[in-house]
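Accompanying notes for the structure given below.
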Amino acid sequence: MRLIQTFALFGSLILGSAAFCPADDPSSGYDSPESAVQAYAAAATVEDYPRLFSALTRESQVYHLALAVSSAQAVHGNDRPMQKILDRYLPPPPVSILPVSEADQWFRLVQAMWTVKEPVQLMQDIAARHHELIRQGGPEAKPSIGDAPYSPKADKPSVAPVELDRLEVRDDVAIAFVKLPSLDGVAAQPEEMAFRRVKGRWYCDIGPR
(Lines give C-alpha, C1' and ligand atoms only; values in the text may rest on other atoms or scores of the structure.)
Protein backbone atom coordinates (compact mmCIF):
# COMPACT_ATOMS: atom_id res chain seq x y z
CA MET A 1 0.00 0.00 0.00
CA ARG A 2 1.06 3.61 -0.43
CA LEU A 3 2.26 4.02 3.15
CA ILE A 4 4.60 1.06 2.80
CA GLN A 5 5.92 2.30 -0.55
CA THR A 6 6.62 5.68 1.03
CA PHE A 7 8.51 3.93 3.79
CA ALA A 8 10.68 2.05 1.36
CA LEU A 9 11.63 5.28 -0.40
CA PHE A 10 12.36 7.21 2.81
CA GLY A 11 9.58 9.64 1.94
CA SER A 12 7.76 10.47 5.14
CA LEU A 13 8.90 7.40 7.07
CA ILE A 14 12.36 8.09 8.44
CA LEU A 15 12.95 6.74 11.82
CA GLY A 16 12.82 7.25 15.54
CA SER A 17 14.88 5.80 18.34
CA ALA A 18 14.07 2.90 20.66
CA ALA A 19 14.41 -0.85 20.85
CA PHE A 20 12.03 -3.19 19.05
CA CYS A 21 8.59 -3.41 20.66
CA PRO A 22 7.90 -7.13 20.46
CA ALA A 23 4.35 -8.20 19.75
CA ASP A 24 4.00 -9.99 23.10
CA ASP A 25 4.91 -6.88 25.09
CA PRO A 26 1.73 -5.79 26.94
CA SER A 27 2.80 -2.15 26.65
CA SER A 28 2.48 -2.32 22.86
CA GLY A 29 -0.46 -3.09 20.65
CA TYR A 30 -3.88 -1.45 20.69
CA ASP A 31 -7.40 -2.20 21.84
CA SER A 32 -8.86 -2.42 18.32
CA PRO A 33 -7.77 -2.69 14.67
CA GLU A 34 -8.94 0.90 14.18
CA SER A 35 -6.66 2.16 16.96
CA ALA A 36 -3.72 0.14 15.62
CA VAL A 37 -3.95 1.50 12.07
CA GLN A 38 -4.51 5.08 13.29
CA ALA A 39 -1.37 4.81 15.42
CA TYR A 40 0.57 3.29 12.54
CA ALA A 41 -0.38 6.01 10.05
CA ALA A 42 0.07 8.88 12.49
CA ALA A 43 3.44 7.60 13.70
CA ALA A 44 4.67 7.13 10.13
CA THR A 45 3.73 10.69 9.20
CA VAL A 46 5.36 12.33 12.22
CA GLU A 47 8.40 10.01 12.23
CA ASP A 48 7.59 8.44 15.60
CA TYR A 49 9.07 5.00 15.06
CA PRO A 50 8.75 3.57 18.56
CA ARG A 51 5.01 4.17 18.25
CA LEU A 52 4.92 2.84 14.70
CA PHE A 53 6.64 -0.39 15.73
CA SER A 54 4.25 -0.74 18.68
CA ALA A 55 1.43 -1.02 16.13
CA LEU A 56 3.07 -3.85 14.16
CA THR A 57 3.29 -7.58 14.63
CA ARG A 58 6.80 -8.93 15.11
CA GLU A 59 6.84 -10.22 11.54
CA SER A 60 5.75 -6.81 10.25
CA GLN A 61 8.50 -5.12 12.26
CA VAL A 62 11.07 -7.35 10.55
CA TYR A 63 9.49 -6.64 7.16
CA HIS A 64 9.67 -2.87 7.72
CA LEU A 65 13.29 -3.10 8.80
CA ALA A 66 14.14 -5.14 5.70
CA LEU A 67 12.49 -2.49 3.52
CA ALA A 68 14.54 0.27 5.18
CA VAL A 69 17.83 -1.60 4.77
CA SER A 70 17.02 -2.59 1.19
CA SER A 71 16.20 1.05 0.36
CA ALA A 72 19.44 2.26 1.95
CA GLN A 73 21.40 -0.20 -0.15
CA ALA A 74 19.56 0.70 -3.35
CA VAL A 75 19.62 4.48 -2.93
CA HIS A 76 22.96 4.98 -1.18
CA GLY A 77 24.83 1.76 -1.90
CA ASN A 78 27.93 3.62 -3.11
CA ASP A 79 28.15 5.85 -0.04
CA ARG A 80 30.90 4.59 2.27
CA PRO A 81 29.47 6.07 5.52
CA MET A 82 26.11 4.46 4.79
CA GLN A 83 27.81 1.14 4.17
CA LYS A 84 29.63 1.46 7.50
CA ILE A 85 26.29 1.99 9.23
CA LEU A 86 24.90 -1.19 7.70
CA ASP A 87 28.06 -3.16 8.50
CA ARG A 88 27.88 -2.01 12.13
CA TYR A 89 24.46 -3.53 12.71
CA LEU A 90 24.01 -6.33 10.21
CA PRO A 91 25.65 -9.75 10.27
CA PRO A 92 28.11 -10.44 7.42
CA PRO A 93 26.39 -11.88 4.35
CA PRO A 94 26.90 -15.59 3.70
CA VAL A 95 29.62 -16.49 1.23
CA SER A 96 28.37 -18.20 -1.92
CA ILE A 97 30.19 -19.13 -5.11
CA LEU A 98 26.89 -19.63 -6.90
CA PRO A 99 24.69 -16.85 -8.32
CA VAL A 100 21.94 -15.77 -5.93
CA SER A 101 18.54 -14.76 -7.26
CA GLU A 102 16.79 -11.59 -6.16
CA ALA A 103 14.22 -13.70 -4.32
CA ASP A 104 16.97 -15.49 -2.40
CA GLN A 105 18.66 -12.18 -1.61
CA TRP A 106 15.43 -10.80 -0.18
CA PHE A 107 14.84 -14.00 1.84
CA ARG A 108 18.35 -13.78 3.31
CA LEU A 109 17.92 -10.09 4.11
CA VAL A 110 14.65 -10.71 5.97
CA GLN A 111 16.19 -13.58 7.91
CA ALA A 112 19.12 -11.35 8.88
CA MET A 113 16.71 -8.71 10.25
CA TRP A 114 15.59 -11.11 12.98
CA THR A 115 19.12 -11.01 14.43
CA VAL A 116 19.50 -7.20 14.60
CA LYS A 117 19.70 -6.19 18.28
CA GLU A 118 19.01 -2.47 17.81
CA PRO A 119 16.74 -2.29 14.77
CA VAL A 120 15.20 1.14 15.30
CA GLN A 121 18.58 2.62 16.14
CA LEU A 122 19.82 1.20 12.85
CA MET A 123 16.93 2.84 11.05
CA GLN A 124 17.61 6.16 12.77
CA ASP A 125 21.25 6.06 11.68
CA ILE A 126 20.19 5.27 8.11
CA ALA A 127 17.80 8.22 8.17
CA ALA A 128 20.35 10.63 9.57
CA ARG A 129 22.87 9.73 6.87
CA HIS A 130 20.20 9.91 4.17
CA HIS A 131 19.19 13.44 5.18
CA GLU A 132 22.81 14.49 5.44
CA LEU A 133 23.35 13.42 1.85
CA ILE A 134 20.22 15.29 0.78
CA ARG A 135 21.48 18.48 2.45
CA GLN A 136 24.88 18.08 0.80
CA GLY A 137 23.29 17.61 -2.61
CA GLY A 138 26.00 15.12 -3.51
CA PRO A 139 25.86 12.30 -6.07
CA GLU A 140 24.16 10.00 -3.55
CA ALA A 141 21.34 12.46 -2.88
CA LYS A 142 18.00 11.99 -4.57
CA PRO A 143 15.80 15.00 -3.75
CA SER A 144 12.70 13.31 -5.10
CA ILE A 145 12.52 11.10 -2.01
CA GLY A 146 12.63 13.92 0.51
CA ASP A 147 14.58 17.08 1.24
CA ALA A 148 13.94 17.89 4.91
CA PRO A 149 16.70 17.30 7.48
CA TYR A 150 16.11 14.50 9.95
CA SER A 151 14.78 15.99 13.17
CA PRO A 152 12.65 13.63 15.27
CA LYS A 153 12.02 16.35 17.88
CA ALA A 154 10.73 18.93 15.40
CA ASP A 155 7.08 19.97 15.51
CA LYS A 156 5.03 17.97 13.02
CA PRO A 157 1.72 18.79 11.34
CA SER A 158 -1.50 17.17 12.47
CA VAL A 159 -2.49 14.00 10.67
CA ALA A 160 -5.85 13.33 9.06
CA PRO A 161 -7.47 10.14 10.36
CA VAL A 162 -7.33 6.90 8.41
CA GLU A 163 -10.70 5.47 7.38
CA LEU A 164 -11.56 1.79 7.83
CA ASP A 165 -14.33 0.15 5.81
CA ARG A 166 -15.81 -3.36 5.75
CA LEU A 167 -13.99 -4.48 8.89
CA GLU A 168 -14.35 -8.23 9.45
CA VAL A 169 -13.14 -9.77 12.71
CA ARG A 170 -12.80 -13.53 13.08
CA ASP A 171 -11.35 -14.56 16.41
CA ASP A 172 -7.81 -13.09 16.49
CA VAL A 173 -7.61 -12.07 12.83
CA ALA A 174 -9.23 -9.12 11.09
CA ILE A 175 -9.39 -7.74 7.57
CA ALA A 176 -10.46 -4.24 6.54
CA PHE A 177 -10.19 -1.83 3.65
CA VAL A 178 -8.01 1.11 4.68
CA LYS A 179 -8.23 4.52 3.06
CA LEU A 180 -5.30 6.85 3.71
CA PRO A 181 -5.68 10.65 3.69
CA SER A 182 -5.34 12.41 0.33
CA LEU A 183 -1.77 13.15 -0.73
CA ASP A 184 -1.19 16.41 -2.62
CA GLY A 185 -4.88 16.56 -3.43
CA VAL A 186 -4.96 13.04 -4.89
CA ALA A 187 -7.47 10.77 -3.19
CA ALA A 188 -6.15 7.37 -2.13
CA GLN A 189 -8.02 4.23 -3.10
CA PRO A 190 -9.01 1.87 -0.25
CA GLU A 191 -6.62 -1.06 0.11
CA GLU A 192 -6.98 -4.25 2.08
CA MET A 193 -5.02 -4.58 5.32
CA ALA A 194 -4.77 -7.46 7.77
CA PHE A 195 -4.67 -7.23 11.57
CA ARG A 196 -3.78 -9.76 14.25
CA ARG A 197 -4.62 -9.93 17.93
CA VAL A 198 -1.86 -11.18 20.23
CA LYS A 199 -2.57 -11.62 23.94
CA GLY A 200 -5.59 -9.37 23.69
CA ARG A 201 -3.86 -6.53 21.80
CA TRP A 202 -4.34 -5.64 18.12
CA TYR A 203 -1.53 -5.04 15.61
CA CYS A 204 -1.28 -4.23 11.92
CA ASP A 205 -0.08 -7.32 10.07
CA ILE A 206 1.66 -5.80 7.06
CA GLY A 207 3.83 -7.69 4.62
CA PRO A 208 3.75 -10.78 2.40
CA ARG A 209 1.05 -13.22 3.45
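The values are calculated or read from the model by the stated rules, or taken from the named source; none is laboratory data. No experiment lies behind these values; they were computed from the predicted model shown. Positions of Cβ are generated from backbone atoms using ideal geometry, with glycine treated the same way; all protein chains shown enter the neighbour counts.
Name the single residue that is surrounded by the most Cβ atoms within 10 Å (Cβ to Cβ) among those in the range 54-78 being of a type in the set (S, T, N, Q) and more than 9 Å from the chain's Cα centre (by Cα). Going through the qualifying residues, I end up with S54. Restricting attention to the range 25-43, the residues that are part of a loop (DSSP other than H, G, I, E, B), modelled with pLDDT under 90 and either under 14 Å from V178 (Cβ atoms) or in contact with a strand residue (DSSP E or B) (Cβ under 6 Å, 6 or more places away or on another chain) (or both) total 0.
For the range 166-186, how many residues meet the condition of being modelled with pLDDT of 90 or more, loosely packed, with under 14 Cβ neighbours inside 10 Å and not β-branched (V, I, T)? Give the steps one after another, and end with the answer.
Within the range 166-186, the subset modelled with pLDDT of 90 or more is 166-178.
From the residues that got through so far, the ones that are loosely packed, with under 14 Cβ neighbours inside 10 Å too are 166, 168, 170-173.
Filter again for not β-branched (V, I, T), leaving 166, 168, 170-172.
Summing the residues that are modelled with pLDDT of 90 or more, loosely packed, with under 14 Cβ neighbours inside 10 Å and not β-branched (V, I, T) in the range 166-186 gives 5.
Can you confirm whether D79 is in contact (Cβ under 8 Å) with a residue 60 or more places away in the chain and either closer than 25 Å to R196 by Cα or out of contact with any strand residue (DSSP E or B) (no Cβ under 9 Å at 6 or more places or on another chain) (or both)? Yes; evaluated as a whole, the condition is true for this residue. Considering the range 187-206, the residues that are in contact with a helix residue (DSSP H, G or I) (Cβ under 7 Å, 6 or more places away or on another chain) and modelled with pLDDT of 85 or more include one that is surrounded by the most Cβ atoms within 10 Å (Cβ to Cβ), namely Y203.
Looking at this structure, is L122 under 15 Å from V37 (Cα atoms) and modelled with pLDDT of 80 or more? No; evaluated as a whole, the condition is false for this residue. Go through the residues of the range 32-53 one by one and say whether even a single one is of a type in the set (S, T, Y), farther than 14 Å from V120 by Cβ, surrounded by 20 or more Cβ atoms within 10 Å (Cβ to Cβ) and in contact with an Asp or Glu (Cβ under 6 Å, 6 or more places away or on another chain). No - not one qualifying residue is present in the range 32-53.
What tally of residues in the range 55-75 results from selecting those that are of a type in the set (S, T, Y) and in contact with an Asp or Glu (Cβ under 8 Å, 6 or more places away or on another chain)? Walk me through how you get there before you give the answer.
Our first condition is that a residue be of a type in the set (S, T, Y); within the range 55-75, this holds for 57, 60, 63, 70-71.
Narrowing the set further to residues that are in contact with an Asp or Glu (Cβ under 8 Å, 6 or more places away or on another chain) leaves 57, 60.
Residues flagged as of a type in the set (S, T, Y) and in contact with an Asp or Glu (Cβ under 8 Å, 6 or more places away or on another chain) within the range 55-75 amount to 2.
Here is a check on your reading of the model: is V46 modelled with pLDDT under 90, more than 13 Å from W202 (Cβ to Cβ) and among the aliphatic types (A, V, I, L, M)? The answer is yes for V46.
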